[in-house]
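Remarks on the structure that follows.
What follows draws every value from the coordinates through simple rules; no lab data is involved. From a predicted model like this one, the values you see are computed outputs, not experimental measurements. Positions of Cβ are backbone-derived with ideal geometry, glycine not excepted, and every protein chain shown enters the neighbour counts.
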Amino acid sequence: MKNGYADLHVHTNASDSTFTVQEVLNRAKSIGLVAVGITDHDNIDSIDEGVEVGKRLGIEIIPGIELSAEENEMEIHMLGYFINWKDNEFLDKLKILKETRLDRARKIIEKLNNLNIKLHMDDVLKLTKSNTSIGRLHIARALKNAGYISEVVEAFRKYIGQDKPAYVKKYFISPIEAINMIKKIGGIPVLAHPGVLNNDGLIFKLISCGLAGIEVYHGEHLTLQSERYKELAVKNNLLITGGSDCHGLGKSKILIGTILIPYHYVESLRKYKSHSII
Ligand code: AMP
Ligand code: ZN
Ligand code: FE
Ligand code: FE
């Protein structure tokens, strides 16, 4: 069996990281990671290049995604691992999600303009490449570049966080739809950062709908939380994953390498995939 460590939750500039997939993997290489899960928000555009670069650098790429979902006003992120990212029906759905994100970004800008903040959609678009899943982090960075705030978190606190004046909801699928979308393309559905939600009832409900794992290790989890979620996973026969949720320079610091999990967790995911009829 392969030894070493994996980071199963990283973003690229296909969603809201400032890093290209090449930059992500160069960093992964310098840290000595043996496997990386590429999990962009509602987007798979970095996976092909990731697989190619990964081969060159000797890093295994686990094709993944992080789908945004919602239930009872709660934003829920569903990770999907070992997905067939080339499935046409899936790609069509992602296209819709991408378009809604663009539309929503325009609405946020409009709200900001009404608050006398002179930000233009172009200021946001120039931070993205074509086909990027545009999100609030891009808008936060544009606000920072324009001098309206000094830190990205300030944008969420003052303007675009939930319940703040320029917040606009995304088009959300339900977590059960997210699970089904992932399963339909042979992927393994894993609930992202459950500690952020702090809702065990939801986990049990999702288990009955096909949830296969939970992200036990995450930068926003306290050690005690990770221990508790590990116990919950073991008791309920759930797969265990973990990752840094690195967004490049998009957040206050570079996170890749801060959360690492032993490679045997990747083996368990693969074993699950090969034994289950998903
Ligand atoms: P979106 O998908 O457009 O709703 O944006 C979600 C992104 O914003 C994710 O990368 C989150 O981690 C980030 N985000 C949400 N709330 C905050 C916050 N308070 N501070 C910094 N980043 C945040
Ligand atoms: Zn993000
Ligand atoms: Fe997330
Ligand atoms: Fe994430």
Using only Cα atoms, find the angle between the long axis of helix 88-114 and the longest principal axis of the chain, and express it within 0 to 90 degrees, rounded to the nearest 10. 30
Tell me which GluC sites (Glu not before Pro) from region 48-86 have a DSSP coil assignment and no more than 11 other beta carbons within 10 Å of their own. 73
Per the helix-only calculation at 222 nm, which mean residue ellipticity applies to the chain, given -39500 (n - 2.57) for every DSSP H run of n ≥ 4 and division by its residues, nearest 500 deg cm²/dmol? -12500 deg cm²/dmol
Which residue, 201, 248, 135, tops the fluctuation ranking in a GNM of the chain built on C-alpha contacts under 10 Å? 201
Please label the shape of region 168-275 as rounded, prolate or oblate, based on the square roots a ≥ b ≥ c of the eigenvalues of the alpha-carbon gyration tensor (a/c under 1.5 means rounded; beyond that, a/b larger than b/c means prolate, else oblate). rounded
Considering the convex hull of the alpha carbon atoms of region 1-49, report its projected area averaged over all viewing directions, in nm², one decimal. 3.5
Using alpha carbons only, how many degrees (0 to 90, rounded to 10) separate the axis of helix 175-184 from the longest principal axis of the chain? 60
5 angstrom amide H check on residue 9, placed H, neighbours 5+ away: 37, 244, 245
Grab the beta carbon distance between residue 95 and residue 184, set R0 = 25 Å, and tell me the FRET efficiency rounded to 0.05. 0.95
Residue-ordered couplings for region 234-239, obtained by feeding phi - 60° into the Karplus form 6.51 cos²θ - 1.76 cosθ + 1.60 and rounding to whole Hz (Gly and Pro as x), are 4, 4, 10, 6, 9, 6
What do you get for GluC sites (Glu not before Pro) in region 87-172 restricted to DSSP loop and a cutoff of at most 12 other Cβ within 10 Å of the site's Cβ? 151
For the Cα atoms of the chain, what angle does the longest principal axis make with the long axis of helix 136-145, in degrees from 0 to 90, nearest 10? 50
Most fluctuating residue given options 47, 117, 61, as computed from a GNM of the chain linking Cα atoms under 10 Å: 117
Tell me, in nm to one decimal, what length is gained between residue 150 and residue 264 on full extension, where the rule is 0.36 nm per residue of separation less the Cα-Cα distance? 36.9 nm
Compactness of the chain, expressed as Rg and Dmax over alpha-carbon positions, Å: 18.1, 58
Using Cα pairs closer than 8 Å and at least 6 residues apart in sequence, work out the relative contact order for the chain, in percent. 24
Those chymotrypsin sites (Phe, Trp or Tyr not before Pro) in region 152-183 that DSSP places in a loop and that have at most 16 other beta carbons within 10 Å: 167, 171
Need one number: % antiparallel among DSSP beta bridges in the chain, to the nearest 5. 45
